[in-house]
Amino acid sequence: MRKWRVIIFSLIGLLAQMNLPAADAGTKKVYILPIREEITHSLVYKVRRGVKEAMEAKADLLVVDMDTNGGEGQAMEEIMVILSQFKGETVSYVNNKAFSAGAIICFATHEIYMAPQSVIGAAAPVLPSADGAGIQALPDTIEAKIGSAISALVRASAQKNGHNPEVADAMIKKTKELKIDGKVINEKGQILTLTNTEAEEEYGDPPTPLLSAGTVESLDALLDQLGYAKAERTVIKATGAEKLGTWINAISPLLLIIGIIGIYIEIKTPGVILPAVVAVLAFLLYFLGGYVAGLSGMEWIIVFVVGFGLVLGELLLHPGTIIPGLIGFGLILISLVMAMVDWYPGMPTLPTLPQLRLPLENLTIALAASLVIGAILARFLPKTHIYRSLVSQSASGVASVAAQEQEQAARVGQTGVAISNLRPGGKAQFGDQILDVITQGEMIPKGSTVRILRHSGAEAVVELVS
């Protein structure tokens, strides 16, 4: 027995030694986010994707490796919000320069480090020049308004992350004088820009750095100093699709309109196929835009396909049942909204109202425009040569548009029997023919006698015969 105990304890000790590296610093994970370009919406997509990957990997540290002249204010704000979602340690490393929007983004991280001879600041808002070759100052009133809004945003971020909000203010406002310990660091009328040595200079009692936690020779040296020398590193690289995503999402309401109208035309001209193909391509581009932007992902395509299948089943296989169609329509709407919701790992399953704002705006615009366009098409499309050609190509057993119109005219006044509940659409039998029919809004039970009043596209409009 004693021999077996010795063997068991020896095995336990060996397993413990084998597992020692799991507790070593080498198992820490670091994600590095290089910002080497102008700050635009394509960069927002890269940042969003990278931060979500870091969160899913449960990374310990996210380093923003900064070397930029700045960029768009809206893109800057979005990047700051995205960085705030990361729950681990965040660090900015000014690897040469962080001007304008780049400087402001640094305040969204817990610590700021700088490379030798690097600079940070000059964050006052400006406009591109008329010829696009440079920049121009804003008018005083607009500058004061925009500067005040950006300053409040940056001060809040600075306070949250332990930076001096007065420093942030002086980088944005020319009206701000920065004076600490009796020393004027930035004169009124100037915009604060700091070198690495100026940013790490200490003031106050107890002494604290003005902005930078220190000057570090390189990114490798920084990770070593922070205790991540042996950590597993992942560099977030651009995929090349970010600019495509920017373009797609800029026209996402238009893609929704094209998709909805394509389905409408396909229903009115069944069998033509081309409108359905255009609609499918438009919706695929819409979902691709959400995926490239790093939003909810492609899983909502499955929800969309299921919903679309239920709606088609309602229209083609069992018209008048209503419930599958309503469920399908609901799934379609949910998928179109959720495909553009900015969701992060660890968030509740249900999105918040701010997350839903933009996708709901896009969907509302698309639905409203589609209703207007659909009404116009319903009135004028049947009178066009294109519509007659489409109907002629798609109608089965009808030699020409004229023959189809004659056949429909001959049915007017005929009576038949509803072979499904009409709610308001369904099917009815007239002699040997079974037709797709629709009422004028009333519900007619199965087995009722109905009369054809006219035709709407391929459907016969019927009324109840009392």
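We did not get these values from a lab; they are worked out from the coordinates using the rules stated. The structure presented is a predicted model; accordingly, all values stated were derived computationally and were not measured. Using ideal geometry, Cβ is built from the backbone for each residue, glycine included, and neighbour counts are taken over all protein chains shown.
Below are the figures for this structure:
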quantity	calculated
Stretch gain in nm, segment ARG357-LEU274, where the contour uses 0.36 nm per residue and the Cα spacing is subtracted	26.6 nm
Projected label distance in nm at ASN96 and ASN69, using a 7 Å step from Cα toward the beta-carbon	1.2
Per-peptide average of other Cβ atoms within 10 Å, ordering 219-231, 245-257 highest first	245-257, 219-231
Cross-link partners of LYS29 among lysines (Cα-Cα below 20 Å; sequence separation of 8 or more within a chain)	LYS46, LYS52, LYS58, LYS87, LYS230, LYS237
Cα-centred dipole magnitude for the range 405-464, charges only on beta-carbon of K, R (+1) and D, E (-1), debye, nearest 20	200
Label-point gap, in nm, between LYS160 and ILE251 - each point 7 angstrom along Cα→Cβ	3.5
Long-range amide H partners of ALA241 with built H, under 5 Å	none
Relative packing of 62-68, 419-425, which averages over residues the other C-beta atoms within 10 Å, highest first	62-68, 419-425
Residue-span extension gain [GLN117 to GLU56] - 0.36 nm each, minus C-alpha spacing	18.4 nm
For a label point 7 Å along the Cα-to-beta-carbon line of GLN225, residues of the range 53-75 with backbone N under 19 Å	61-68
Rough spin-label spacing in nm, given labels placed 7 Å along Cα→Cβ, for SER218 and ALA238	2.5
Label-reachable residues, the range 416-454, where backbone N falls under 15 Å from a point 7 Å from ALA410's Cα toward its Cβ	430-434
Extension gain (nm, one decimal) between ALA375 and GLU89, 0.36 nm per residue minus Cα-Cα	97.5 nm
GLN429-LEU281 FRET efficiency (beta carbon distance; Förster radius 30 Å; 0.05 resolution)	0.20
Amide proton proximity set for TYR203, modelled H, under 5 Å, gap of 5+	THR208, LEU210
Dipole of the range 405-464, positive end: most advanced residue of GLN433, VAL450, ALA409 [Cβ charges, Cα centre]	VAL450
Peptides ranked, highest mean first, by Cβ atoms within 10 Å: ranges 94-106, 160-172	94-106, 160-172
Loop-resident sites, the range 200-241, for GluC sites (Glu not before Pro), counting at most 13 other Cβ within 10 Å (DSSP)	GLU217
